[in-house]
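Have a look at the structure below, then the notes.
The values are calculated or read from the model by the stated rules, or taken from the named source; none is laboratory data. Note that this is a predicted model, so its numbers are computed, not measured. Cβ: placed from backbone, ideal geometry, glycine included. Neighbour counts: every protein chain shown.
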């Protein structure tokens, strides 16, 4: 019967017994005849011979019609002494009080959860009619895909959609069979489809990451069945295919994880619900404040992933990068906004409806950081979840200035900045004074970091300093405008009299230190500016240029939030300091 | 790795590779050198020899730095013809764009869901450190308990808490071992506790339904460990016990399902979360309008189960009967209200916070019925869920007059009434005109039902009509005030010149037809008034007295709701009519 949990009833279930089945006591006490207690008062107590001790839930013999509470009982020798009269039926639970024989316990098409399984068991029902789980076979296809656990051996990527699919489909009530990865071969995929469609209720062909494969899936379906939908007006998710083979549904699922998720949630989910004759599962929705405007395309529905947190009593949604190919943005997303086909823009500050991937209680403990990227933010995120599991640290990286604006607009609790002021030759304070005028600001001194040039190991192009960026054979990679690193670079360039136009790659922007480091490590650029810790992680050489101050900034109104107190505790813990300094390139600026 | 779903990370997980690992194409198209496209326009196209077709996600050779979309490609023989210049980096995805080596993928203490498992798989991580599932042993104790599937054989009830416990605890991340049911024997329970505490992380001793057993659990724990909490100031849930044996937690769980649920949710849930170093799962909460006032007891937290629906754009919570012993009210509940210790009353119409057992999407499709009880309501509930799984029919039974008030106050979509007017000797209309004055009412004619006296099979007390209710040897059971059956009875009594005071049991009230029938069937009353169908289900004899009209009443403002259209479709379907009439005692009043 416990196996019924998660299943859906295929017939109504009526009670076959009544509960309680006989007259029982509702309390621990003494069963008696109410008529014998008439007239009892504190002044004129009545003593009874005819009574019986009963425990809660135990049968009360026919001759008794009420129960006196154990706590109320007084004795006069062996006689029960009553200081008040008892009403007939007092503390008695009559047969059928829970449910009567013939009463509906569960309707058809009801999902069985903990409440339902308890009710069935209590009703003595040990077997229940449920709909068969639909069998769903997923066939991942792609020459470029390696199976997890194997060596990539020249393959481009690990097949990961099957893991997401299995977790989701099982949760929705389906049974999942994962086929081995097939190569991009028409005949082989066709053969597998024909074999699996016989054994399963639904076959999903997972395209690799390319559109080439998608067309190929449509051809396979057409060969032995019918393609009904070839592409949907939704982004991500566009290359989805819906077809029919031997009377059964076949779905061509796009390869990118986010697109695949769209296909699963909006198409596979209702299909499973239809097999189970029930309603599809739906994510919860909540109205939120949009902290960054969205530009969309007319004629296409767009799904914008967001991170969320509650700032100053208002739920804030921060949009994540949109590329379908970004396989980590699904993992980072707390939910999504659905931009309707006819909408081309949602302005910053609008109220939007967010479909939530996570439980509200998890989101409520969010400490929302918007600001400049630093590797220590990852450590803070880890430490806060570990030490204070009710809280989580969510960071969006928009550069130092963007962080100050977010604070001002009450879109974040915390920001991290490293802004060098050329006039005063000092860090951060001048910018805070300028951009957060009138606000009650609290600066948490954090770290000094070494900024410098990152180059490939051994420095093959023999870069010595900024003047080398002028060289014809040097390809530079920059940080985005508004970031503290970019501002520092521009200051240093001016000081050395170097013009941006002299630097090849100056307009090529990355958003994080690791992004820049990765471009260099992979040979797609020769040099970039960033912090020592990023160079160290990527095994790059480092030419120090400057020591900068990276500080955390907040508003006084947040410092009493429990999640804020948690973060302060982490910042001041010796173990966090030790972990942070072990990355290299940092000096501690906190007093502790 | 798929087995990691539902587990909680015990270490932070950093990316060990970058993704993509090399420069890849972001689209299907043609890789080329952007520098060779400078100056291309529609008037002055440029033709290229040096290009390469690439699929999305496929590596782009070092020498190329941009990709032209397939859809944009024109050809001039074998040469690629360009009508515009291409920017360096266009449609290129650089290494590390998804995530860079060394970047934090998942923090410690993170619950792994579909997003996390997909991210790990895509990152090539096939093994992950997670916390061990805590092992939880549940020992149900009680002489009165039978195991599900067995014959009751003199036992009072089926043990059902283990089913609820297993469903919940597994969902929360624990591993559950269900012990066989033990008798109420100190030595046997002690021995089992000592044995299981060695093998498990937590032992839960499930009391039977009686408080006697509870005391017994405390004694067992005290014998070999320590009782830390003996009873909590919460109702239901009061008899909970928290203890410690051999350094491990032991919980004494109350026997009534609702009380057991309170212990599980508020005590076992956080304990499991503590084992997993994560936050406990929490039910979602929503503000609602309270449709019926609540009186509570000072000094005790009270948990009031409710059913909910959205009426006229407002979420309405209707409280359910409170007795902890009511084993079906947990199954019926959509959520609960927590009445704080210091509050003694929450007025009708107050805003209350409801903790939700069900997903909001399921609740949104509710058609809320408040009114008089009829057996056909169960059939409607079944048919609506079966035919329209997005909707559900929820009924609360407060009698006919209460139903009209609920409609007026916008607390329900639909009501069912059978109110006889003595003056006009007609049904329903006079009451609707009086109590819903000024409202735009729609009456759905429904059924004629036979009302009469229900007596035990064979009519052992030879009851012939209402005048027999005066007899000394007859015990009557009544329906509650305001119910149509009660109003009809009072009318008939007056007509025959019978005074209520002449009837033994007149003040003994039941809330449903089946409730009355059950009291008679079990010998706890001799006769009661009710409808034929109830008598038939319980195998009672029936003495017809009157044919009454039971109609459904709504307000015009609801008739365009999709769930309302669904219900009309069901009422008019021949199969529903057939199913309804087969119960007996009904005549169809609808036109169809």
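Which one of these does residue B:491 not meet: (1) out of contact with any helix residue (DSSP H, G or I) (no Cβ under 7 Å at 6 or more places or on another chain); (2) assigned to a helix (DSSP H, G or I); (3) within 14 Å of chain A (Cβ to nearest Cβ)?
All conditions are met except number (3).
Which number in (1) closer than 23 Å to residue B:207 by Cβ; (2) out of contact with any helix residue (DSSP H, G or I) (no Cβ under 6 Å at 6 or more places or on another chain); (3) at pLDDT below 85; (4) facing another protein chain (nearest Cβ under 9 Å) marks the one condition that residue A:71 misses?
That leaves (4) as the condition not met.
Go over the candidates B:126, B:108 one by one and state the one that is part of a loop (DSSP other than H, G, I, E, B), touching a strand residue (DSSP E or B) at 6+ places or on another chain (Cβ under 8 Å) and either within 14 Å of another protein chain (Cβ to nearest Cβ) or surrounded by fewer than 24 Cβ atoms within 10 Å (Cβ to Cβ) (or both).
Only one candidate qualifies: B:108.
Working carefully through the options B:84, B:93, find the one that is facing chain A (nearest Cβ under 9 Å) and over 46 Å from the mean Cα position of the chain (by Cα).
B:93
Residues that are at pLDDT below 90, surrounded by fewer than 20 Cβ atoms within 10 Å (Cβ to Cβ) and within 14 Å of another protein chain (Cβ to nearest Cβ): does region B:43-56 have at least one?
No, because not a single residue in region B:43-56 is at pLDDT below 90, surrounded by fewer than 20 Cβ atoms within 10 Å (Cβ to Cβ) and within 14 Å of another protein chain (Cβ to nearest Cβ).
What are the residues in region A:360-388 that are more than 16 Å from the chain's Cα centre (by Cα) and in the same structural domain as residue A:319 (by TED's automatic domain parsing), if any?
Of everything in region A:360-388, nothing turns out to be more than 16 Å from the chain's Cα centre (by Cα) and in the same structural domain as residue A:319 (by TED's automatic domain parsing).
Restricting to region B:426-439, give me the number of residues that are under 20 Å from residue B:486 (Cα atoms) and part of a loop (DSSP other than H, G, I, E, B).
1
Is it the case that region B:9-18 has a residue that's touching a helix residue (DSSP H, G or I) at 6+ places or on another chain (Cβ under 6 Å), surrounded by fewer than 22 Cβ atoms within 10 Å (Cβ to Cβ) and within 9 Å of chain A (Cβ to nearest Cβ)?
There is at least one residue in region B:9-18 that is touching a helix residue (DSSP H, G or I) at 6+ places or on another chain (Cβ under 6 Å), surrounded by fewer than 22 Cβ atoms within 10 Å (Cβ to Cβ) and within 9 Å of chain A (Cβ to nearest Cβ).
Collect the residues in region B:388-399 that are part of a strand (DSSP E or B) and without any contact (Cβ under 8 Å) to a residue 12 or more places away in the chain, keeping them in residue-number order.
none
Can you name the condition, by its number, that residue B:585 falls short on among (1) touching a helix residue (DSSP H, G or I) at 6+ places or on another chain (Cβ under 6 Å); (2) at negative phi?
For residue B:585, the failing item is (2).
Condition check: in contact with a strand residue (DSSP E or B) (Cβ under 8 Å, 6 or more places away or on another chain) and at pLDDT 95 or above. Does residue A:407 satisfy that? Working first, answer last.
Numbers: in contact with a strand residue (DSSP E or B) (Cβ under 8 Å, 6 or more places away or on another chain): yes; at pLDDT 95 or above: yes.
So residue A:407 fits the description; yes.
Could you tell me whether residue B:242 is buried (at least 20 other Cβ atoms within 10 Å of the Cβ), within 23 Å of residue A:71 (Cβ to Cβ), touching a strand residue (DSSP E or B) at 6+ places or on another chain (Cβ under 6 Å) and away from chain A (no Cβ under 11 Å)?
When the stated conditions are applied, residue B:242 does not pass them.
Look through A:478, A:459 and report the one residue that is part of a loop (DSSP other than H, G, I, E, B) and in contact with a strand residue (DSSP E or B) (Cβ under 9 Å, 6 or more places away or on another chain).
After applying the criteria, what remains is A:459.
Considering region B:23-67 alone, what residues qualify as being outside any strand (DSSP E or B) and closer than 21 Å to residue A:184 by Cα?
Passing the criteria: B:26, B:27, B:28, B:55, B:56, B:57, B:58, B:60.
Do we find that residue B:392 is within 16 Å of residue B:370 (Cβ to Cβ), buried (at least 23 other Cβ atoms within 10 Å of the Cβ) and within 14 Å of chain A (Cβ to nearest Cβ) in this structure?
yes
Spot the failing condition for residue A:32; the list is (1) away from every other protein chain (no Cβ under 13 Å); (2) farther than 24 Å from residue A:93 by Cα, and only one is missed.
Here residue A:32 clears every test but (2).
Return the total of residues in region B:295-321 being farther than 18 Å from residue A:113 by Cβ and within 12 Å of chain A (Cβ to nearest Cβ).
Number satisfying all stated conditions: 1.
Among B:100, B:160, B:109, which is the only one that is touching a residue at least 60 places away in the same chain (Cβ under 8 Å) and over 29 Å from the mean Cα position of the chain (by Cα)?
B:100
Would you be able to tell me the number of residues in region A:500-521 that are more than 15 Å from residue A:474 (Cα to Cα) and without any contact (Cβ under 8 Å) to a residue 40 or more places away in the chain?
4
Only residues that are in a loop (DSSP other than H, G, I, E, B) and buried (at least 24 other Cβ atoms within 10 Å of the Cβ): list them for region B:400-425, please.
B:411, B:412, B:413, B:418, B:419
Quick one: is residue B:272 under 29 Å from residue A:122 (Cα atoms), out of contact with any strand residue (DSSP E or B) (no Cβ under 7 Å at 6 or more places or on another chain) and at pLDDT 95 or above?
Numbers: under 29 Å from residue A:122 (Cα atoms): yes; out of contact with any strand residue (DSSP E or B) (no Cβ under 7 Å at 6 or more places or on another chain): yes; at pLDDT 95 or above: yes.
So residue B:272 fits the description; yes.
Report yes if residue A:184 is surrounded by fewer than 19 Cβ atoms within 10 Å (Cβ to Cβ), touching a helix residue (DSSP H, G or I) at 6+ places or on another chain (Cβ under 7 Å), more than 9 Å from chain B (Cβ to nearest Cβ) and in a loop (DSSP other than H, G, I, E, B), otherwise no.
So residue A:184 fits the description; yes.
Any idea how many residues of region A:151-181 are within 27 Å of residue B:98 (Cα to Cα), part of a loop (DSSP other than H, G, I, E, B) and more than 9 Å from every other protein chain (Cβ to nearest Cβ)?
Total satisfying the criteria: 7.
So residue A:507 passes all but one of these: (1) part of a loop (DSSP other than H, G, I, E, B); (2) outside the structural domain of residue A:524 (by TED's automatic domain parsing). Which condition number does it fail?
Against the list (1) part of a loop (DSSP other than H, G, I, E, B); (2) outside the structural domain of residue A:524 (by TED's automatic domain parsing), residue A:507 comes up short only on (2).
Could you please find all residues in region A:267-294 being away from chain B (no Cβ under 14 Å) and either under 24 Å from residue A:131 (Cβ atoms) or under 17 Å from the mean Cα position of the chain (by Cα) (or both)? Spell out how you get there, then give the answer.
Initially, region A:267-294 is screened for residues away from chain B (no Cβ under 14 Å), giving A:267, A:288-294.
Within region A:267-294, A:267, A:288 meet the criteria.
So in region B:129-150, with the set limited to residues that are farther than 21 Å from residue B:252 by Cβ and within 8 Å of chain A (Cβ to nearest Cβ), which one is modelled with the lowest pLDDT?
If we take residues in region B:129-150 being farther than 21 Å from residue B:252 by Cβ and within 8 Å of chain A (Cβ to nearest Cβ), then B:149 is modelled with the lowest pLDDT.
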